[in-house]
Each structure stands twice: as structure tokens, then as C-alpha cells.
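Data first, discussion second: the structure below is written as C-alpha cells.
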Amino acid sequence: MDSILVKGGAELHGEIPIAGAKNACLTLMPATLLADEPLTLTNVPRLSDIATMTQLLQSLGVEVTSLQDGRVVAMSSQSADNPVADYNIVRKMRASNLVLGPLLARHGHAVVSMPGGCAIGARPMDLHIHGLEAMGAKIELKDGYLHAEVPGGLKGAQIELRFASVGATENILMAATLAKGTTVIKNAAREPEIIDLATCLRAMGAQIEGEASGTITIQGVDQLHGATHPVIADRIELGTYMLAPVIAGGEVELIGGRIELVNAFCEKLDQAGVSITETKKGIKVARKNGRIKAVDIKTEVFPGFPTDLQAQMMALLCTADGTSVLEETIFENRFMHAPELMRMGAQISVQGGTATVTGVERLKGAPVMATDLRASVSLILAGLAAEGETVVSRVYHLDRGYEHVVRKFNGIGANIERIKN
Ligand code: EPU
């Protein structure tokens, strides 16, 4: 398994282009199952998770063509006739469960392997299932697979989510576009990826309103048609690279970044003493003179502070002046990076969903192990600020969500190398 060697200490200057959003693309791709005509996505990030979704869709009979070096993905579901999402693909990536709603809407039945737990939490699917059941589906778990069927077709329903789940909102929203009648999803997720999905579905002919408000109303239509849709910028990649010059010193411009995608995150950086300015091309971030100040963080659904930036923020706060309290409210086990950061000299104590971080002057390089995607990149960020060398192992997690990570960091003057094993 490859690892990444980070030599700390270099100041960072330059530009980083922000890619299309992984989590938007992973829900936009299954939307192709809702129409026979082609759906073409542009600004697609080149990631192993996108390759896994491509493989899954192909196994369902979707024709997927990758163009412009993977930046454009053209999909046609005209001859997609397999409603079974196999365990061997689903187990690689939880987001595979996003084919459930579209398959059910297309075929009237679907068999989708239940994804297992993952490093950050158990992540059940009850909200997806209850939502689709409210629309008339019968869903049973047999041999590790969800067997779903809706003989008379999906019917519009009033659905109130117990929690504003991103995935459940996406599955229900996609299914509802082809249901008979009106569906209302209350307490729906409002993440930018949901807005992007609704925009794409509307371009395909769906009738959707209110996706930014938390109550989404969908008027089902008989069929959707083809469309071309540009994937929104990746707000988590943006936030991650915004932290690089803050941790290591310097000034970096994030091309294509927009503050409204990362407002809550920017507020915390502002409190910590970071300079953020909007430019014509994106966002410029610089570390002001002196040490970063400690700030408290609580992860929340959008528009709150994103859980997907918690690990990276913790890496920053490890060298802040003072003590920060980080509360993780979305996933029950998302502090796996803390013991790894402690191997680098960080002072962190974790109790349940709360981590207390007391800043030290400087971290020290060490061999560390990545446990999930965001944890991996937080260890690279920590390595940039550390004295000496850090070797991050198990970097296959990184390939899932950060395209050309070594090239992007080195492009702003970092000293990072991938070591092939
Ligand atoms: N939950 C339930 N029941 C459900 C669905 C969710 O209890 O039926 C719980 C989960 O266990 C979790 C919480 O609700 O504790 C949030 O889950 P949600 O469904 O909102 O998350 P998701 O759709 O599984 C997406 C992103 C994650 C991101 C979360 C939260 C994709 C492919 N994944 O996951 O991204 O952390 O929303 O914003 O969109 C990442 O990119 O590193 C990543 C983990």
C-alpha cells in the first residue's frame, strides 16, 4: 500500500484549482437511471469513488463514457435492465446506496446490497427506507440485500425526516421525481450537493421547489429527459486547501472557490485570525502574523460547520494558542485522527463526541496511519506544519476524494511525495 512522505516547514504560495464535488457527483451519476436519454456531467473530479460509481452503474446496464481525461462523463441508461446492485461493488463505497431510489423509480423493483458500517460510524439506512416505504415501496432485508418493490408504482407522500440526512434526502428526491402525485420532504438536508442535484433533476424535466429551504416539494412527472450539467465545486476540497497556508504559513488562492459554500467554516477561521478575501477567480487565504487563536467547533448539518472539515480543522487547532473544544454531532466515531495527531505531539483528549485540543508550539513529524478520507488529509496538513518528516500510510483513502493531491500541494511549494510500496 502506498504512503505519502511530507517534509514539513515550507511556506506555501500560489494557486490551487478546486475540482468538482465528489459528493455531488456521487448522487448526480445515479440520477441517470431516471431517464432513457443521456445525462452528461462536466467538471467531474477524477477520483477512485467516481470510478467505483461508474463500475456500479455499468453493472446495472448503464453505458458510461469518460471524456476529456475524465473531466466529462456521459451516461446512457437506455438499455439499463439490471436492478441488482451487487455486494462486491457496494461494499467498496457506501454512496452506492444512492442507486436505490432511482432503480426503484425505473424498474418498480430493486435489490441493493446493504452497505456495511464504516470507520466513522454505523451509518444505518432507516431514513432512506422509511421515506421510500411512505411512497408505497415494500422493502425487506434478505441475505444482506434490501429487496424493494412497488408494484403499482411510487406514489407521492408527505415525509418528515427525523434527521436531515443527505443520502436519504437524495434517494427520496430522485425517486419522487417519477412518482405519481406530490411528495413533500420536510426536514430535508440543504447541503450544496442537494441543491446541485435538484438543479440537475430540473434540467432533466423534474418539477422541484424549495430545496434550499429544508422543505422540498416534488411534483412527479411521467418521464425525465436528457441533460448536461456541470458539477458544483467541492466545498470540502476547498476548505481543506484553505487550511494549507494557515497551517504552514504563506498565501494561497483557491481557484473556483466560493465563500457561500463554506460560510460557517470561514467564520471560524476569521475568529482564529485568518485573512480570507474573495477574488475574481476564487478565494485568497493567508495567515496573519502571529499564532492562530483557539476556537470551539461544533459540527452540524448545512449551513453549520461541516463534519467533513472537522479532522482538518483539528490539525490546525493542534498548534493554536489556547484550548479548543471540538464537538462532533453527525458521526459517532469521527475522531480516529486524534490518536494519530497525538503521535505527532498534539495534546488532545477525547471523551465521547467531544475532543479538547490544547495547542502546542510545533508538531513533530512521525509515521502515522490514515483511517478514513478526511483523517488522511488532516495528517498531511499536520505534516506540513511539523518539524521533520511525516509518513502517512494507507493513502488509498485519499485517492477516493482528493484528485492529484500530491501535485496540488507541491504546486504551492509543499514538499510531498508518494511512496509506492
Ligand atoms: N443516518 C441514520 N439513518 C439513515 C441515514 C443517516 O441514522 O437512514 C445518520 C448517519 O448514521 C449519520 C448521520 O445520519 O450519523 C448523517 O448521515 P447522512 O445520511 O447525512 O450522510 P451520508 O449521506 O451517508 C454524506 C456524505 C458524507 C458526509 C455526510 C454528512 C456522500 C457520498 N457522503 O453522507 O461524506 O460526511 O453526508 O455531511 O455524500 C466524506 O466525503 O468524507 C463523507 C463521509
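Observations, loosely collected:
- Counting DSSP beta bridges with both ends in the stretch 263-405, the antiparallel % (nearest 5): 65 percent
- Using a simple spin-label model with pseudo-atoms 7 Å out from Cα toward Cβ, LYS138 and ASP126 lie 2.3 nm apart.
- Most positive-pole-ward Cα, MET314, GLY345, GLY359, against dipole of the stretch 311-384 from beta carbon charges: GLY345
- Gap separating the Cα centres of the stretch 118-163 and the stretch 15-94, nearest whole Å: 22 Å
- Exposure rule at most 14 other beta-carbon atoms within 10 Å, DSSP loop GluC sites (Glu not before Pro): the chain longest free segment: 12-331
- Relative contact order, whole percent, for the stretch 66-172 stands at 26, derived from Cα pairs under 8 Å and 6 or more residues apart.
- Net dipole in debye of the stretch 107-216 [+1 Lys, Arg Cβ; -1 Asp, Glu Cβ; about Cα centre; nearest 20]: 200 debye
- Per-residue ³J(HN,Hα) for the stretch 237-243, Karplus 6.51 cos²θ - 1.76 cosθ + 1.60, θ = phi - 60°, Hz, x for Gly and Pro: 4, 4, x, 4, 6, 4, 6
- Compared with the alpha-carbon gap, the fully stretched path from THR323 to ASN82 is longer by 81.4 nm at 0.36 nm per residue.
- The modelled label-to-label distance for the pair GLU209/ARG418, using points 7 Å beyond Cα in the direction of Cβ, is 4.8 nm.
- Counting only DSSP beta bridges with both residues in the stretch 1-157, the antiparallel share comes to about 90 percent.
- Contact order relative to length of the chain, as percent, for alpha carbon pairs under 8 angstrom and 6 or more apart: 21 percent
- Percentage relative contact order, the stretch 150-283, counting C-alpha pairs under 8 Å, at least six apart: 19 percent
- Projecting the Cα atoms of MET204, GLY401, THR217 onto the charge dipole of the chain, computed from C-beta unit charges around the Cα centre, puts GLY401 farthest toward the positive end.
- Taking 7 Å steps out from each Cα toward its Cβ at GLU300 and GLU160 produces label points 2.1 nm apart.
- Since only PRO230, THR169, LEU146 are under comparison, the one whose Cα sits farthest along the positive direction of the charge dipole of the stretch 95-230, derived from C-beta charges on Lys, Arg, Asp and Glu, is LEU146.
- Whole-number D in µm² s⁻¹ for the chain, Kirkwood Cα-pair radius fed into Stokes-Einstein, 4 °C, 1.567 mPa s: 59 µm²/s
- For LYS22, a cut-off of 22 angstrom between C-alpha atoms picks up these lysines, skipping any fewer than 8 places away in its own chain: LYS92, LYS281, LYS408.
- Its Cα centre serving as origin, the stretch 317-361 has a Cβ charge dipole (Lys and Arg +1, Asp and Glu -1) of approximately 100 debye.
Readers should treat all values here as calculations from the given coordinates under stated rules, not as data from a laboratory. If you're wondering where the values come from, they're calculated on a predicted model, not measured in any experiment. Neighbour counts run over all protein chains shown; Cβ positions are idealised from the backbone, glycine included.
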